[in-house]
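> If you scroll down you'll find the structure; I have some questions about it.
Bear in mind these aren't lab numbers, they're just calculated from the coordinates by the rules spelled out. Everything numeric here is computed off the predicted structure, so don't read it as measured data. Don't worry about glycine lacking a Cβ; one is built from the backbone with ideal geometry, like all the others, and counts go over all protein chains shown.
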């Protein structure tokens with residue numbers, strides 16, 4: 001291995017300690033309880049003006065919105081919680097759920113909150129399996145170079161990569177490089193080849209880059 | 001003039017139908033002359049539409065109020081320069097504008113298409129003409145801008161006052177142009193599918209048009225935010241309104257597309273995915289048009305609203321399903337040139353990037369349609385406002401920025417673990433240092449902390465790449481500035497992309513700063529009374545009112561000082577339009593890189609000299625507007641064609657080729 005002054009583990013350690021520091025250090029600035037006006041504004045921004053679609057009472061300039069803003073401040077001063085005020089306005093006998101800018105995370109509107117994470121998990125899982133199947137590579141369908149690893153050589157591969165790392169680092173201090181397969185020459189035709197615009201030019205518009213072309217770079 | 005306008009629309013319609021048929025039949029029967037005539041028809045369509053637009057302009061300039069559209073959207077008092085805005089201020093005119101822009105773009109796309117692209121070009125041309133036939137049919141029948149009234153009114157109704165703002169000269173046209181421009185890469189993709197040329201022929205040209213559309217739409221969105229910020233008077237710039245979302249979704253689709261198309265360009269992979277992606281983006285742009293014209297969701301800025309909702313709904317459904325049907329018919333022809341080699345590679349990062357971008361688009365779409373879904377299934381009317389989008393999309397955006405930091409540092413095909421860790425080392429240190437500094441400075445909001453940490457990661461990664469590349473060249477005798485410029489020129493898609501990434505970071509700094517650390521105060525001030533907000537002392541000096549022909553303009557001046565030192569005098573404006581019963585405000589803004597001081601006056605009350613002011617202190621907003629020019633610069637670099645005839649500035653010596661390839665630490 002290469003001498004590394006700081007490795008990723010130590011960076012992770014640093015991250016964890018900073019986060020702990022943030023969590024437990026009594027902070028010197030900010031950290032005051034929100035004022036009544038700030039709480040009122042946060043309520044304003046969560047209530048849609050019933051008389052002017054798509055604007056919150058914070059934004060709307062009609063008199064009714066102004067009255068609602070005054071009501072919010074009055075009730076907060078009386079000791080109502082923010083949620084109580086939201087519940088008051090969104091009660092079915094008053095304006096109903098349509099005055100809430102944020103649909104409640106319960107009851108019939110729970111679906112709006114649940115669908116995105118569910119869809120995202122599903123898409124993520126699909127992507128995972130697609131990636132895996134792409135990696136296995138139905139090489140029959142491929143007219144490019146065959147997929148990398150020969151079977152059962154994971155360990156050898158790691159060693160090989162390390163050797164290439166060391167070799168290149170020793171010669172040039174390279175950061176990134178690519179290895180097509182253990183049997184071929186190491187290739188350094190990464191996008192990092194700042195010095196060879198000609199190579200990029202010649203490759204543009206021509207797909208896929210053939211192994212021969214790649215070798216020239218290596 | 002009105003007759004000429006309508007005649008040219010009908011002419012363009014006939015030519016578009018001819019161009020579509022001639023292209024397809026000519027190509028299928030192998031008749032080059034017919035194909036050529038189809039192409040010429042495309043040029044003539046553009047010409048006819050330009051003439052049609054000019055006749056609308058001249059109707060405006062000559063105050064021909066017999067033309068209903070002119071009557072409804074201008075009057076004698078309107079400054080002539082706003083004719084340009086009035087053209088697209090309503091449904092019919094904006095459709096004509098879209099059709100004209102589309103005609104010109106289609107002609108340009110066909111004219112500049114590369115030669116080797118010939119087999120599928122007639123099909124692409126036919127697709128473009130088919131889309132145009134839709135717009136022209138609507139213009140000729142349901143939304144004719146040249147309908148005349150039975151009499152000639154003495155004066156028009158006037159333009160919507162909210163549109164009287166310099167931002168309106170560029171924001172709507174860029175947004176509309178960007179939306180329709182999605183059709184061009186789309187038509188190249190469909191042309192490829194129809195002609196069975198589904199490999200990589202269409203990629204270069206679709207990428208170029210995709211990037212132009214992306215930049216146009218992005219600039220349009222940013223200008224819209226600027227307009228909202230300065231004129232709507234609520235101190236914000238983005239409200240996740242359905243119409244804003246309608247512009248954002250295709251932009252997200254395009255963002256995914258211009259990233260993943262690079263994988264196909266460089267590696268010959270993701271062929272299916274790119275075709276599907278551009279189809280999807282086209283569908284999103286159709287959804288955007290549908291929402292804008294008679295969309296079913298309430299919005300603060302539907303200026304072109306009409307009763308044409310069902311027409312655009314049909315267009316959207318057909319325009320989304322048909323390409324996907326074609327895609328599945330051709331499914332077996334599309335194969336990647338190469339399998340994926342590693343999950344730790346730039347290709348894989350691009351896939352995750354696409355997942356996140358489409359995730360944001362999906363969440364946004366879901367938020368827009370949910371009120372309808374709820375209405376139908378549960379009978380409740382609900383609203384989906386900012387908090388939903390901020391909460392759900394906020395996380396996805398953080399993921400995207402993380403990927404923006406890591407993805408570009410990954411090589412194509414496969415990263416070697418150790419090397420990758422070392423590339424990531426300095427950006428990670430920079431990110432952690434930023435986190436520590438902000439934490440010590442007292443910032444506690446976890447989202448703000450995470451965002452700024454990731455911003456540092458991205459920025460440090462980009463700077464590191466630039467520095468390494470430049471240093472390699474510097475060691476070979478170039479001065480640093482020259483080395484940097486030549487480095488940028490050596491791989492424009494990549495380094496232009498980095499500049500755009502920096503623009504996104506600059507934009508993000510503005511968004512995070514103003515969303516988490518803004519202050520808002522409502523105050524009532526009598527003349528010469530003062531108030532102190534966040535260290536600014538504001539003194540209301542005076543108001544003056546100017547009565548214009550169609551409006552009453554009130555100006556309010558406030559002196560601003562800080563620590564006793566006078567800073568500036570702000571002038572905020574409130575204009576009342578009795579015809580429309582609308583008040584438009586123009587905020588008084590003092591903008592600095594640190595923070596904006598932003599003052600909006602409220603309604604003056606009869607017999608009361610005091611005025612309500614809403615005062616905002618918005619940190620870092622200034623940076624958001626800076627992002628626009630940087631983004632355009634980056635796009636220009638990425639698109640700038642490389643002249644392959646010029647020899648490389650410093651041909652690498654064979655023996656040292658290896659050294660030259662690798663960035664040096």
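> Any idea what diffusion coefficient segment A:36-107 gets from Stokes-Einstein, in µm²/s, Kirkwood Rh on alpha carbon pairs, 20 °C, 1.002 mPa s?
178 µm²/s
> How much length is gained if the chain between residue B:196 and residue B:57 is pulled fully straight, taking 0.36 nm per residue apart and subtracting their Cα-Cα distance, in nm to one decimal? Could the numbers behind the result be given before it?
Working: separation 139, 0.36 × 139 = 50.04 nm, distance 4.31 nm.
That works out to 45.7 nm of additional length.
> Continuing with this model, one more query. What is the fewest-to-most order of B:212, B:291 by other Cβ atoms lying within 10 Å of their Cβ?
Ascending number of Cβ neighbours within 10 Å: B:212, B:291.
> What does the helix-only formula give at 222 nm for chain B: each DSSP H stretch with n ≥ 4 adding -39500 (n - 2.57), the total divided by the residues, and the result rounded to the nearest 500 deg cm²/dmol? Could you put the intermediate results ahead of the total?
Numbers: 20 runs with 398 residues, N = 665.
The per-residue figure over chain B is -20500 deg cm²/dmol.
> Using only the Cα atoms of segment B:462-610, each taken as one equal point scatterer with no solvent, compute I(q) by the Debye sum, divide by I(0), and report log10 of the ratio at q = 0.13, 0.14, 0.19 Å⁻¹.
Here the Debye-derived log intensity ratios amount to -0.74, -0.79, -1.12.
> Extending each Cα 7 Å along its Cβ direction at residue B:137 and residue B:592, get the distance between those two points in nm, one decimal.
Going by the 7 Å Cα→Cβ label model, 6.0 nm.
> Roughly how crowded by other chains is peptide A:87-98, in terms of the mean Cβ count from those chains within 10 Å of each of its Cβ atoms?
Working: counts 0, 0, 0, 1, 0, 1, 0, 0, 1, 4, 6, 8.
Averaged over the peptide's residues, the number is 2.
> Considering the Cα trace of chain B, what is its radius of gyration and what is Dmax, both in angstroms?
Spelled out, the Cα radius of gyration and Dmax of chain B are 27.1, 88 Å.
> Residue B:522 versus residue B:552, label points 7 Å from Cα toward the beta carbon: distance in nm?
2.2 nm
> Fewest first, what order do A:105, B:265 take by the number of other Cβ atoms within 10 Å?
The fewest-first ordering by Cβ neighbours comes to A:105, B:265.
> Need the C-alpha centroid separation for segment B:158-202 versus segment B:368-439, integer Å.
The distance from the Cα centre of segment B:158-202 to that of segment B:368-439 comes to 27 Å.
> Sticking with this structure for a sec: Normalised by the number of residues in chain B, what is the relative contact order in percent for Cα pairs under 8 Å and 6+ residues apart?
Numbers: 1122 pairs, mean separation 65.7, N = 665.
In percent, rounded to a whole number, it is 10.
> Using 20 Å as the cut-off for backbone N distance, which residues of segment B:552-579 belong to the label zone defined by a point 7 Å from the Cα of residue A:32 along Cα→Cβ?
Under cut-off, by backbone N: B:562-564.
> A further question follows. So what are the three principal axis dimensions of segment B:1-108 from its Cα atoms, in whole Å, longest to shortest?
The principal-axis extents, from largest down, are 58, 23, 18 Å.
> Per residue of B:485-497, count partner chain C-beta atoms within 10 Å of its C-beta, then hand back the mean as an integer.
3
> Evaluate segment B:333-412: find the radius of gyration of its Cα atoms, find its Kirkwood radius, and give the ratio Rg to Rh. Don't jump to the answer; show the numbers that get you there.
Details: Rg = 17.6 Å, Rh = 15.0 Å.
Result: Rg/Rh = 1.17.
> Please give the average number of partner chain Cβ atoms lying within 10 Å of the Cβ of each residue in A:111-117, rounded to a whole number.
Counting Cβ atoms of other protein chains within 10 Å of each residue's Cβ and averaging gives 6.
> When B:586, B:473 are ordered from fewest to most other Cβ atoms inside 10 Å of their Cβ, what list results?
Taking fewest neighbouring Cβ atoms as first place, the list is B:586, B:473.
> Which whole number of Å³ per residue matches the convex hull of the alpha-carbon atoms in segment B:522-622?
Residue-normalised Cα hull volume stands at 102 Å³.
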